[in-house]
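A.B. asks: Okay, here's the structure, questions in a sec.
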Amino acid sequence: MRCFQVLNVMLLALTAGCTTASYPGPRLAKDQVALIRRCGYSARPPLHTSACIQDVDGAPVDGNHVEILPGRHDLGVRIITNRSLYPTACQFPGCGELNIFSASISIAFHAEAGHEYGIYAREAELKEWQVGIVDERSQAVVGEKKIVRSP
């Protein structure tokens, strides 16, 4: 089990600070682009929900952050909710978890140059999730979508 913990730390260290540009050509100055944190997490034990941006305007992205040009963008987002089965017995992510919900959605928002954005996902009501984009500076929600799980 210690091996898995070391591997997770190594992978996090390798990807820390990785930023992907979603536009062609040379990298632009920070005040000319917007930056989005690619994944967001929330925990309301025993539920753990994550939302990760999979694509920007249809183009796949990776890394921890994505640089985008100012303007309107469509983000393809994957949301996953897991339930911890054995929260005290597991020492690494994914251990003893049961996937109870997953979906792919699209969220549109308008990005401003020089701004940083985050993504969040949370269970709003029973069988209802909210996924949104928030401006890190003003804390304003600039794009949001509700997902209702069918029974």
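The values are calculated or read from the model by the stated rules, or taken from the named source; none is laboratory data. All figures in this text were calculated on a predicted structure; none of them were measured in a lab. Cβ atoms come from the backbone with ideal geometry, glycine included; neighbour counts cover every protein chain shown. For the accessible areas, the whole protein counts, side chains as well, though only heavy atoms, and no ligand, DNA or RNA atoms are used. Shrake-Rupley method; radii C 1.70, N 1.55, O 1.52, S 1.80 Å.
A.B. asks: Of all residues in region 113-126 being among the small types (Gly, Ala, Ser) and part of a strand (DSSP E or B), which is modelled with the lowest pLDDT?
C.D. replies: Going through the qualifying residues, I end up with Ala124.
A.B. asks: Do we have any residue at all in region 85-93 that's open to solvent by 70 Å² or more (accessible area, probe 1.4 Å) and modelled with pLDDT of 70 or more?
C.D. replies: Checking region 85-93: not a single residue is open to solvent by 70 Å² or more (accessible area, probe 1.4 Å) and modelled with pLDDT of 70 or more.
A.B. asks: Is it the case that region 28-35 has a residue that's modelled with pLDDT of 95 or more, in contact with a Gly (Cβ under 6 Å, 6 or more places away or on another chain) and either surrounded by fewer than 14 Cβ atoms within 10 Å (Cβ to Cβ) or part of a helix (DSSP H, G or I) (or both)?
C.D. replies: Within region 28-35, one or more residues are modelled with pLDDT of 95 or more, in contact with a Gly (Cβ under 6 Å, 6 or more places away or on another chain) and either surrounded by fewer than 14 Cβ atoms within 10 Å (Cβ to Cβ) or part of a helix (DSSP H, G or I) (or both).
A.B. asks: Counting only residues that are acidic (Asp, Glu) and either assigned to a strand (DSSP E or B) or open to solvent by 80 Å² or more (accessible area, probe 1.4 Å) (or both), which one in region 127-151 is nearest to Ile105 (Cα to Cα)?
C.D. replies: Glu144
A.B. asks: Here is a follow-up. (1) at pLDDT below 90; (2) over 19 Å from the mean Cα position of the chain (by Cα): which one isn't true of Ala103, the others all being true?
C.D. replies: Result: Ala103 fails condition (2) only.
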